[in-house]
Structure formats: C-alpha cells, structure tokens
Amino acid sequence: MNAHLLRLTLAFHAVSLPLTRAAETRPAYTEIRKIDCHSHIFEDVAAFDALFRRINLRTINVCVPGGDGRLEEMDRVALSLYRKDPTLYPFTTTFNLLDRDQPGYTDRAIAWLDGAFKRGAVGVKIWKEVGIEIKSPAGKFILPDDPIFDPIYAHLAKVGKPLHAHLAEPIDAWRPLDPDSSHYSYYSTNPQWHLYGKPEYPSHAAIIAARDHIMQKHPTLVVLGAHLGSLEHDLDGIAARLDRYPNFHIEVAARTRNLTRHPSEKVRALFLKYPHRILYGVDAGWMPLRRPQPPTDAQRQGHANSLELRYQADWDYYAGTGETTYNGRKVQALNLPRAVLEQFYHANAERLFKLDAAWAGKK
Ligand SMILES: [Zn+2]
C-alpha cells in the first residue's frame, strides 16, 4: 500500500467509525416491538394487557403438555384470549399423548391440530415429556424421533406450522446438584426432573440426537428449539446445528441467565452470525387452572410487576452497553445492533409463526 493510500485509509477509518457509531442511536425500550414467543398466560388479566400495551410487546401463548389430559381446557382459555385480542395473544397448540397406543392415533392427532389451526393456532409445541417421561407399552422411553410422530411432523411441514420443541433439559439435569448452577432451585425443588444417578433415563445426548434426527428426516419442518435448544452450556454446539440444519432456530426463554454466564463477546458473535435464527422469549407461567385456589388481584399485579422487571432486565442485557446486573450478577451487556434486535425481538417470530406484522404502533 503506498503512503497516499494508507493516509486515505486511515482518514477513512478515523472519520467513518465514529460516524457509524453516531448513526446507530440506541433504540428505546418501548420503540422496538417485542414478541415473547414462549409464554403461558392462561387467564384474562387487565394488568397483563396494560403492561403489554405500555411496553409494546405481544406474547405467543403456549399450550402444553400433551400428557396431562388438560389440552382442551388450555385450548379454550388460549382461544378466548386470542379472540379477545388477536394482536396480544396469538397461541400455539400441542397434540394429545395419552391415546398414543390406541389405533388411529396419528390421524386423531392431526385432526385435532387442523382444528386448532382453523381456530387460529400458529404453531405446535412438543414438551420434554417426550424423551424423559412417556413410555412405550414395552416400558421403553419414547424418544421424540419415534416413527409414531413422523406423520404429525410431516403434516406440520406440509401445512407450514412450526414445531416449538422443548426437548431434553438443561445439561444440569444430568449432573449432580450444584448450588452455583442457574437451575439449582428448579432441580432441588423438582427432583422428578433431576436425572443424575438415574441411568434408566435416556442421556441428554441421546435426546438431542433424536431432536436433530427429526430435522434431518423433515428438512422442511421449521423447528424452534425452546430454551436454546437445550444446549445452553454449549454455544459451539448451537452454532454447529444452526449450520447443519437450515430449518433449526432457537429461542432464549428462561435461558438468558445461561447466556449471561458465557463470555459476552462469544454470545454477541452468535447473534451477529445468526441474526435470523434466534428468537426472544421468557417462559413465564400464569396458569390459575393448575392452582387449587383462584389467584388474588394482588398476585396478578405481582406477576405483572415481576414480568415487567424480567423484560426490562433482558432488554438491558441484549440492547444495553457496558456493565449491567442480571439475576444479581454483574454481566457485560451485549450491545446488539438495532437490525439484530429487530430480528431477535420480533421479525423472526413474525416470519416463523406468520404473524401479522401490522401491529406496529398499535398500543
Ligand atoms: Zn414453557
């Protein structure tokens, strides 16, 4: 490079870099529309509506599980919220697992799904019960790539509905309880899902491989891996699968806390490399139908308040700069560019779930 060119290049960098940064003003929290793509809101609560409108957010209400006999009840509540406000409460459905050993199972499951799609469901959730709970008549755990489900997956691919897949668990479920783990409180209070020392259960790797096998068998099925695809401990493993399976996407629900424990530059690089493949979500549950007593208004407002704090803390991590506090720990904010935030917070969910993007500005 000759001296003249070098001087020009230096001048270009010296001028252009600050200009680029100045042009990229930080978007305001309420300005970017947000979709919580993994939400369980099963009651009509004015405080939730008010919060979502105020912070420019809508949720995708997830009906799950398929193995407790309450699918129709969940569907009714999700549907009533959707009919009340289709903008705020799009919903996904799931399929019944209880009659899986009866003749005509997949035909019935597909007929149910088609009915739900007619009512407005935008996708289908499959839950960890497939892999670590339900068993065949011979007493073997049924893995998610079991051929019994193939007609269902093929149908979803055909009608263009994504499979939202919470399969396996965080790797910590297979490890000894560790008070420093971000999943310690869950596994210490839900021992039925803590699989360490229970060799009869499939391994984490076996369930992840089965999930990957679905994507390989059904390459046009859009798969959204819930909770970082249960690879919260392995950003390289996530990237490898995003490379290998063009139909694979992930969402961050209940795993932002895991991201904050990785080096922020590495997390940021993942978002910059796969801006069209990562979706925002929180996985907060409000399910009075599972409680013995109806909640009080104070509890409803309390849930709205904690949800707002969660959304704000997430935003500070993904969109903020410098140091921020997440779950009581000091972490480095990701400072994601606006274009990436727009994909992550709403455009990817709008595309995958074919949501009406015309809700911008509706408050
Ligand atoms: Zn969930």
Problem - Some residue of segment 281-295 being within 18 Å of Leu242 (Cβ to Cβ), within 16 Å of the ligand (Cβ to nearest atom) and under 21 Å from the mean Cα position of the chain (by Cα) - result: yes
Exercise for the section: Go through Leu167, Leu156 for me and flag whichever is farther than 23 Å from His262 by Cα and either of a type in the set (Lys, Arg) or crowded, with 20+ Cβ neighbours inside 10 Å (or both). Expected result: Leu156
Fill in the blank from the handout: Considering segment 118-130, residues that are under 19 Å from the mean Cα position of the chain (by Cα) and away from the ligand (no atom under 15 Å from the Cβ), and then whichever is nearest to Ala165 (Cα to Cα), we arrive at Val122
Fill in the blank from the handout: Of His262, His249, His233, the only residue that is touching a residue at least 40 places away in the same chain (Cβ under 8 Å), more than 13 Å from the chain's Cα centre (by Cα) and closer than 29 Å to Met215 by Cα is His233
Fill in the blank from the handout: Of the residues in segment 243-267 that are part of a helix (DSSP H, G or I) and surrounded by fewer than 20 Cβ atoms within 10 Å (Cβ to Cβ), the one that is farthest from the ligand (Cβ to nearest atom) is Glu265
Exercise for the section: Could you please find all residues in segment 268-280 being crowded, with 16+ Cβ neighbours inside 10 Å and either aromatic (Phe, Trp, Tyr) or away from the ligand (no atom under 16 Å from the Cβ) (or both)? Expected result: Arg268, Leu270, Phe271, Tyr274, Pro275, Arg277, Ile278, Tyr280
Fill in the blank from the handout: Of the conditions (1) crowded, with 21+ Cβ neighbours inside 10 Å; (2) within 16 Å of the ligand (Cβ to nearest atom); (3) not small (Gly, Ala, Ser), the single one that Leu231 does not satisfy is (2)
Exercise for the section: Return yes or no: is Thr92 hydroxyl-bearing (Ser, Thr, Tyr), outside any loop (DSSP other than H, G, I, E, B) and either away from the ligand (no atom under 16 Å from the Cβ) or in contact (Cβ under 8 Å) with a residue 60 or more places away in the chain (or both)? Expected result: yes
Handout entry: Boolean, Ala333 is surrounded by 12 or more Cβ atoms within 10 Å (Cβ to Cβ), farther than 23 Å from Phe91 by Cα, among the small types (Gly, Ala, Ser) and touching a Gly at 6+ places or on another chain (Cβ under 6 Å)
Key = yes
Problem - Odd one out for Ile55, checked against (1) within 15 Å of the ligand (Cβ to nearest atom); (2) modelled with pLDDT of 95 or more; (3) more than 13 Å from Thr93 (Cα to Cα) - result: (1)
Exercise for the section: List the number of the failed condition for Leu177; all other conditions in (1) more than 19 Å from the chain's Cα centre (by Cα); (2) part of a loop (DSSP other than H, G, I, E, B); (3) under 30 Å from Val77 (Cα atoms); (4) of a type in the set (A, V, I, L, M) hold. Expected result: (3)
Problem - Top-ranked residue in segment 60-86 [being assigned to a loop (DSSP other than H, G, I, E, B) and within 19 Å of the chain's Cα centre (by Cα); ranked as farthest from the ligand (Cβ to nearest atom)] - result: Gly66
Practice task
Could you please tell me which pairs satisfy a Cβ distance under 6 Å, a separation of 6+ or placement on different chains, a first residue in segment 157-175 that is within 19 Å of Gln216 (Cβ to Cβ) and in contact (Cβ under 8 Å) with a residue 40 or more places away in the chain, and a second residue that is part of a loop (DSSP other than H, G, I, E, B) and β-branched (Val, Ile, Thr)?
Solution key: Ala157/Thr220; Pro162/Val222
Handout entry: Gly115 assigned to a loop (DSSP other than H, G, I, E, B) and without any contact (Cβ under 8 Å) to a residue 60 or more places away in the chain
Key = no
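The values are calculated or read from the model by the stated rules, or taken from the named source; none is laboratory data. Everything quoted here is computed from the prediction, not taken from an experiment. Virtual Cβ from ideal backbone geometry, glycine too; neighbours counted across all protein chains shown.
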